[in-house]
Amino acid sequence: MSEQFNCTGCGVKIQTEVPEELGYAPASSLEKEVVVCQRCFRLKNYNEIQDVSLTDDDFLKILNELGSRDALIVKIVDIFDFNGSWLPGIQRFAGKNPVLLIGNKADLVPKSVKQRKLIDWMKKESRELGLNPIDVSLVSAAKGYNIKEAAAAIDEYRNGKDVYIVGCTNVGKSTFINRIIKEVTGEGDVITTSHFPGTTLDMIEIPLEDGKAIVDTPGIINHHQMAHYVDKRDLKFITPKKEIKPKVYQLNEEQTLFFGGLARFDYISGGRRSFSCYLPNEINIHRTKLEKADELYKNHAGELLTPPRREQMDEFPELVRHEFTIKEAKTDVVFSGLGWVTVNDAGAKIAAHVPKGVHVMLRRSLI
C-alpha cells in the first residue's frame with residue numbers, strides 16, 4: 001500500500017499520474033521533506049495560478065462538517081471588504097461551537113479610526129448579520145500586527161479543543177495561519193498564500209502541542225465580490241496593500257464618478273455636497289456629467305476607464321443600476337470587493353452601477 005501524501009500548501013491529496021488534474025506532483029517530489037502540489041509550487045515560486053475543479057458544493061460540504069465537531073471556530077473577515085467577505089449562515093455552520101471573529105487587513109483602514117470604535121462597529125454589524133461572536137480581534141496578517149494577541153485569544157477560547165479557521169477567498173486566511181504558526185513555533189510559511197481567490201483546496205491540519213490541531217479550511221467563494229470579474233493581472237488594483245487614503249469630491253447634482261471601468265456612482269439630487277470615496281489607492285476616479293456618463297462608458301471602458309482591460313470588454317458583465325435615497329446621515333454605499341462611498345448628510349438621491357452579480361448595499365458609516 002503506497003503512502004498517501006497531502007499537499008502542505010493547499011491540503012489537497014497528492015497524485016502523480018495526471019498532470020492536468022488536481023493535486024498533481026512529479027513522483028520525484030515525494031522524496032522531499034515538504035511535499036507540495038504543482039499548483040502550489042507554481043503559485044509560490046512564479047505567482048502563476050491554475051484553475052481549480054472544486055465546486056462551491058465541495059466547499060460547502062467541508063463547511064457543513066464544522067457543526068458536528070467540538071471546536072472553536074475562528075472566522076476571518078477582510079475589514080476593508082467587511083460585507084463582501086462575510087460568510088452568510090456562518091452561525092448555522094458553526095452549530096453550538098463558539099465563533100471568534102477576526103478582522104484582517106486592519107492596516108488598510110485610515111489611522112484616524114480608533115480600534116475600539118472599529119471593534120464595536122464589527123460587533124454591531126455581526127449581530128445584524130446573524131452572528132454573535134464571543135469576541136472580536138483586529139489584525140494585519142500581512143504586517144504581523146496584533147498576531148500575538150490573536151494567538152492568545154485563540155488559545156484562551158479554544159479551551160483545549162481543535163480550532164477551525166474559516167473565511168471566504170482572499171481574506172488573508174492562510175497568511176494569518178502562517179503568522180500564527182510562526183508566532184507559536186518559529187517556522188516559516190507552511191501554507192500557500194496568494195491574492196488569487198481559492199488557494200486552499202482542502203482541510204489542512206497543523207498539530208498543536210496538546211494533540212489538538214489548527215485546521216485551515218478552503219476559502220469559500222463569494223461570487224458577488226469584484227475580484228471574480230477582474231483579469232488576474234489587475235487584481236493588484238483592487239487588492240489594496242497600503243492604508244487607504246480617502247478622496248473627497250464636492251459634487252453638484254447630476255454628476256457621476258467612475259471607479260476605473262468597474263463601477264460608477266451617480267449623484268442625482270440633494271444640492272451641492274461632499275462625498276468621501278474609500279477605494280484602493282490605485283483605482284483611478286474619473287468625474288463627468290451624468291448626461292454624458294453612458295456615452296463615456298460605451299466609448300472609453302477598457303481604455304480611459306480601466307480596469308477592466310480593452311480585450312476583456314466583450315465578456316465583462318454589463319453594469320447594473322441600483323438607486324437609493326439616503327435616509328440617514330453618515331451612510332456608506334458599499335461596492336462589494338471594491339470599497340465604499342460615504343454620504344455625510346441625509347436626503348441625497350444616488351445610483352450605484354456595478355457589474356451584474358456584484359452586490360451594492362447601504363450600511364452605517366464605518367469611519
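Bear in mind that the values in this text are calculations on the coordinates, not laboratory data. Remember, predicted model here, so these are calculated numbers, not experimental data. Neighbour counts are summed over all protein chains in view; Cβ atoms, including those assigned to glycine, are modelled from backbone coordinates with ideal geometry.
Compared with the dominant principal axis of the Cα atoms in the chain, helix 173-185 is inclined by about 50°. Considering only S137, S28, S68, the mean-square fluctuation computed in a Gaussian network model of the chain, springs between alpha carbons under 10 angstrom, is largest for S28. Cα centroid separation, the range 290-313 to the range 62-97: 38 Å. GluC sites (Glu not before Pro) within the range 273-321: which are DSSP loop residues with at most 15 other Cβ atoms inside 10 Å? Passing both the DSSP loop test and the Cβ count: E282, E303, E315, E318. Residues whose amide H lies under 5 Å from that of D162, counting only those 5 or more places away or on a different chain, are L72, A213; hydrogens are built 1.01 Å from N in the peptide plane. Think of it this way: in the chain, C10, C40, C168, C277 stand alone, with no other Cys Cβ under 4.7 Å.
Note on K96: aspartates and glutamates with a C-alpha under 17 Å away, same-chain residues under 8 apart excluded, are E65, D70, D135, D162. Each helix, a run of at least 4 DSSP H residues, gives -39500 (n - 2.57); summed and divided by the residues of the chain, these come to -6000 deg cm²/dmol at 222 nm. For the range 242-310, the tally of Lys pairs with Cα-Cα distances below 25 Å comes to 4, considering only residues 8 or more apart or on different chains. Could you work out the longest stretch of the chain that avoids the trypsin sites (Lys or Arg not before Pro) located in DSSP loops with at most 11 other Cβ atoms within 10 Å? Longest run free of exposed loop sites: 115-241. Could you work out how far helix 290-300 tilts from the main Cα principal axis of the chain, as a 0 to 90 degree angle to the nearest 10? Roughly 50 degrees, rounded to the nearest 10. Dipole magnitude for the range 245-367: computed about the Cα centre from +1 point charges on Lys and Arg Cβ and -1 point charges on Asp and Glu Cβ, it is near 460 debye. The alpha carbon convex hull volume per residue for the range 13-170 rounds to 154 Å³. Computed over the alpha-carbon pairs of the range 236-346, the distance histogram in 5 Å steps reads 2, 11, 22, 24, 21, 13, 5, 1, 0 percent, short to long.
Annotation: amide H of I14 within the under-5 Å range of F5, N6, C7, sequence separation 5 or more or interchain, hydrogens built in the peptide plane. Among K111/K148; K236/K349; K75/K232; K117/K148, which pairs are too far apart, with a Cα-Cα distance over 30 Å? Check vs 30 Å cut-off fails for K236/K349.
Placing unit charges on each Cβ (+1 for Lys and Arg, -1 for Asp and Glu) gives the chain a dipole about its Cα centre, and among Y145, Y249, V109 the Cα reaching farthest toward its positive end belongs to Y249.
Mind running the shape call on the range 291-364? Use the C-alpha gyration tensor, a ≥ b ≥ c as the square roots of the eigenvalues: rounded below 1.5 for a/c, prolate if a/b tops b/c, oblate otherwise. It is prolate, given that a/c is not under 1.5 and a/b is the larger ratio.
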